[in-house]
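The values are calculated or read from the model by the stated rules, or taken from the named source; none is laboratory data. Values in this document were obtained by computation on a predicted structure and should not be read as measured data. Please note: Cβ atoms are built from the backbone with ideal geometry, for glycine as well, and neighbour counts cover all protein chains shown.
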Amino acid sequence: MARRSTKTPPPDDSYEERILDIDVVDEMQGSFLEYAYSVIYSRALPDARDGLKPVHRRIVYQMNEMGLRPERGYVKCARVVGEVMGKLHPHGDSSIYDALVRMAQPFSMRVPLVDGHGNFGSLGNDDPPAAMRYTECRMAEATSLMTESIDEDTVDFNPNYDGQEQEPVALPAAFPNLLVNGASGIAVGMATNMPPHNLREVIAAARHLIRYPNADLDALMKHVPGPDLPTGGRIVGLSGIRDAYETGRGTFKIRATVSVDNVTARRKGLVVTELPFTVGPEKVIAKIKDLVGSKKLQGIADVKDLTDREHGLRLVIEIKNGFVPEAVLEQLYKLTPMEESFGINNVALVDGQPLTLGLKELLEVYLDHRFDVVRRRSEFRRGKKRDRLHLVEGLLTALLDIDEVIRLIRSSENSAQAKQRLMEQFSLSEVQTQYILDTPLRRLTKYDRIELETEKDRLNAEIEELTRILDSDTELRKLVSTELATVAKKFGTDRRTVLLESGGAPVATVPLQVADDPCRVLLSSTGLLARTANGEPFAEDAGAKRVKHDVIISAVPATARGEVGAVTSAGRLLRLNVIDLPQLPESMATPNLAGGAPLAEFVSLEDDETVVCLTTLDESSPGLALGTEQGVVKRVVPDYPSNKEELEVITLKEGDRIIGAVELRTGEEDLVFITDDAQLLRFQASQVRPQGRPAGGVAGIKLSEGAKVISFTAVDPAVDAVVFTVAGSRGTLDDSVQTTAKMTPFDQYPRKGRATGGVRCQRFLKGEDCLSLAWAGPAPALAAQKNGTPADLPEMDPRRDGSGVSLAKTVAVVAGPV
């Protein structure tokens with residue numbers, strides 16, 4: 001195969017070679033300036049009139065040209081991008097689609113301009129939007145305000161990049177889009193960063209400026225106190241906002257909206273419902289995990305993102321027990337994106353020039369544009385109505401002598417002659433004459449004449465109104481103000497961002513960890529645990545109304561960062577960290593564990609195993625006193641090794657279990673056994689020698705055949721105490737079925753020796769053969785049903801072996817004051 005010659009052909013004699021010597025510095029300067037101007041004017045900076053960059057303006061305009069109205073169906077985003085790219089925007093499809101996506105994101109725009117259908121991304125761009133071949137869009141309802149009356153010569157048009165299409169220089173913009181939706185962009189040598197604002201507030205400021213053109217910044221800031229971000233949050237520090245409104249530059253801080261709540265039964269947490277503008281939850285979670293891993297942040301147990309469509313953003317940060325949530329939150333503000341700075345830089349194009357504008361200047365530029373739009377619209381409409389009036393007047397002239405008109409037309413040689421004769425005969429213009437000739441005969445009835453006269457009157461009134469607006473600057477400004485008020489009423493929403501002068505009192509003065517202050521640990525009859533805010537007992541109020549979970553079966557002193565023990569019916573002592581327990585409000589007047597946490601959150605129990613009491617782990621105390629179902633009593637030597645989470649405090653016989661346990665305070669208490677055959681034995685605790693933890697105890701009460709212990713308590717003989725018993729029947733299907741109950745002063749029962757049978761404490765009536773419930777302890781006694789609902793107790797009966805009285809409600813538990 002022959003090879004093509006690569007030799008350069010000889011120069012043509014007619015070709016004149018021209019070589020220009022250009023200084024490279026001058027060429028670089030000129031080229032760079034052209035490039036910089038192109039970026040500034042055609043890509044990066046918004047126009048101060050409609051608040052849009054060219055790409056956004058072209059998307060909105062082309063969607064309007066495509067008829068993608070809010071009431072019509074969605075179309076593929078790829079179709080919109082293709083139309084914009086092919087007709088108006090000579091750049092890549094990705095830049096167009098990115099701009100379209102942002103206009104559809106409610107977390108980016110305060111008033112979204114695109115109604116998107118599909119995945120348009122997530123806050124912080126943690127989840128990117130789907131490809132444009134999958135998503136669909138149409139104009140949002142508010143977008144019609146941007147293009148309203150664009151076909152009425154309200155704005156100028158320029159040729160597109162190839163001169164085959166026309167595009168608007170700016171949109172009519174019936175609301176101040178630049179302030180409402182903000183803008184951001186990086187040009188060459190300059191940048192813009194404007195936060196969104198509330199539509200109602202901006203329009204209120206604009207209307208105030210219309211009414212008072214010389215209004216100062218303070219007057220405008222009464223209407224626009226600060227930005228209103230789509231994601232809400234809290235703006236801390238308003239001095240930077242005022243600087244930005246005055247000079248066009250300023251800085252403010254945005255904080256997440258956080259509440260302290262009980263996220264689990266055992267832990268408090270920080271619930272984040274709003275994040276700073278442009279910050280997503282994934283960014284916050286990643287930063288927190290990084291800080292926790294590097295030991296720079298303490299007190300955080302877990303972070304969960306529970307965001308969903310129904311509840312919106314919900315980021316839960318669990319706080320470790322022992323740490324103050326407010327202090328941890330202050331650390332999060334300091335170290336994570338939960339507090340971000342926003343630098344305002346109000347740079348926008350005014351008459352093609354980039355300027356830095358304050359709040360008043362931004363409103364003035366927009367209002368001047370709006371005045372011009374409304375003026376041009378009014379002129380256009382007046383011209384259209386004058387043209388129509390001219391036609392109507394000509395037709396009415398013809399109808400006055402319609403027979404002559406018809407005769408002239410019929411007698412003419414052709415339409416041109418008919419047109420000329422009509423113009424001469426009736427003094428009509430060429431346009432009027434042509435309209436008469438084009439009008440069908442069916443429009444020349446008597447009824448149509450009445451309609452034309454009505455239309456003439458209406459057109460004259462409308463022309464007069466439009467002329468009044470165009471001739472009076474006051475009326476023009478009033479019309480613009482009224483239209484803005486209508487927009488605010490229809491599309492305005494409540495403010496989302498809270499404005500704070502400062503961050504409040506510094507939380508840094510609060511220790512990060514909870515102090516080891518005295519407290520008390522309480523166990524309710526329904527198995528709820530909690531701790532108090534201080535170590536003082538509750539002051540009993542006899543007149544206070546009782547509520548659920550107010551019967552406390554065990555209460556021990558402790559410290560917030562200490563430990564207590566839980567004694568179970570199987571003879572085990574389980575350690576509990578006090579800091580893990582929920583804290584009751586300090587304002588609580590009477591004990592109530594409705595806000596407590598269930599035992600199952602802290603200890604693992606076997607089947608049929610229950611917690612019978614709480615105890616301190618103080619080895620200087622007289623120790624525990626235990627009583628079993630088979631009548632065994634034991635005083636335990638207080639020996640609790642700190643390296644063991646579980647201890648055995650008694651060796652039980654087969655089939656036996658602990659009925660009651662109590663930590664002795666002085667060692668001088670009386671121990672009390674009550675059996676199901678109504679025998680009560682009271683003896684001094686000093687009669688029982690303390691034993692080591694593995695010991696099995698000694699005989700406490702002598703039981704009759706078939707009897708068992710149902711109550712074991714310790715009573716201080718120096719305080720007022722009572723004995724409460726409830727009789728039942730073994731023959732019932734449920735042993736808890738009660739018939740009669742009795743409450744007797746404790747001093748009616750004499751002391752007896754240990755290992756004796758005791759004395760009778762209730763006489764059975766017919767149908768009664770056992771006690772279903774018994775208790776001895778300090779007065780006043782409180783009773784509750786199984787679910788914790790309060791129950792009333794009978795009046796005091798001085799007879800120690802008397803019979804009982806009927807109960808209004810079944811009593812499940814009785815306890816003394818705490």
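For the stretch 203-215, state whether one or more residues are part of a loop (DSSP other than H, G, I, E, B), crowded, with 18+ Cβ neighbours inside 10 Å and not assigned by TED's automatic domain parsing to the domain that holds Phe107. Scanning the stretch 203-215, I find no residue that is part of a loop (DSSP other than H, G, I, E, B), crowded, with 18+ Cβ neighbours inside 10 Å and not assigned by TED's automatic domain parsing to the domain that holds Phe107, so the answer is no. Return a yes/no flag: does the stretch 137-157 have any residue that is within 39 Å of the chain's Cα centre (by Cα), more than 30 Å from Val480 (Cα to Cα) and touching a residue at least 12 places away in the same chain (Cβ under 8 Å). Scanning the stretch 137-157, I find at least one residue that is within 39 Å of the chain's Cα centre (by Cα), more than 30 Å from Val480 (Cα to Cα) and touching a residue at least 12 places away in the same chain (Cβ under 8 Å), so the answer is yes.
Just to be sure, is Lys545 of a type outside the set (Val, Ile, Thr) and not in a loop (DSSP other than H, G, I, E, B)? So Lys545 fails the test.
Matching residues to (1) assigned by TED's automatic domain parsing to the domain that holds His549; (2) under 27 Å from Phe683 (Cβ atoms); (3) touching an Asp or Glu at 6+ places or on another chain (Cβ under 9 Å):
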site: Gln738; (1), (2), (3): yes, no, no
site: Gly753; (1), (2), (3): yes, yes, no
site: Lys766; (1), (2), (3): yes, no, no
site: Gly777; (1), (2), (3): yes, yes, no
site: Pro780; (1), (2), (3): yes, yes, yes
site: Ala791; (1), (2), (3): yes, no, no
site: Gly804; (1), (2), (3): yes, yes, yes
site: Thr810; (1), (2), (3): yes, no, no
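Considered as a group, the residues in the stretch 414-437 that are among the small types (Gly, Ala, Ser) and within 18 Å of Leu389 (Cα to Cα) include one that is farthest from the chain's Cα centre (by Cα), and that residue is Ser427. For Ser704, are the conditions met, namely being assigned by TED's automatic domain parsing to the domain that holds Leu765, outside any strand (DSSP E or B) and of a type in the set (Gly, Ala, Ser)? So Ser704 fits the description; yes. Taking the stretch 322-440 and the helices (runs of 4 or more DSSP H) fully enclosed by it, the elements with 1 or more residues that are hydroxyl-bearing (Ser, Thr, Tyr) and over 30 Å from Glu246 (Cβ atoms) are at 359-400, 402-411, 415-426, 430-438. When the stretch 619-646 is filtered for residues that are among the β-branched types (Val, Ile, Thr) and not in a strand (DSSP E or B), only Val637 remains. Among residues of the stretch 208-226 that are in contact (Cβ under 8 Å) with a residue 24 or more places away in the chain, those with a beta-carbon under 8 Å from a residue that is assigned to a loop (DSSP other than H, G, I, E, B) and surrounded by fewer than 19 Cβ atoms within 10 Å (Cβ to Cβ) at least six positions away or on a different chain give the pairs Leu209/Ala215; Pro225/Leu238; Gly226/Leu238. Listed by first and then second residue, the pairs linking a residue in the stretch 612-634 that is closer than 18 Å to Thr675 by Cβ to a residue that is hydroxyl-bearing (Ser, Thr, Tyr), with Cβ atoms under 7 Å apart and 6 or more places separating them unless they lie on different chains, are Val612/Thr568; Val612/Ser569.
The set of residues in the stretch 459-476 being in a helix (DSSP H, G or I) and either on the phi > 0 side of the Ramachandran plot or without any contact (Cβ under 8 Å) to a residue 60 or more places away in the chain (or both) consists of Ala461, Glu464, Glu465, Arg468, Asp471, Asp473, Thr474, Glu475.
Close contacts from the stretch 73-88, counting a first residue that is in a loop (DSSP other than H, G, I, E, B) and a second that is basic (Lys, Arg) and buried (at least 19 other Cβ atoms within 10 Å of the Cβ), with Cβ to Cβ under 6 Å and a gap of 6+ residues or different chains, come to Tyr74/Arg138; Leu88/Arg58.
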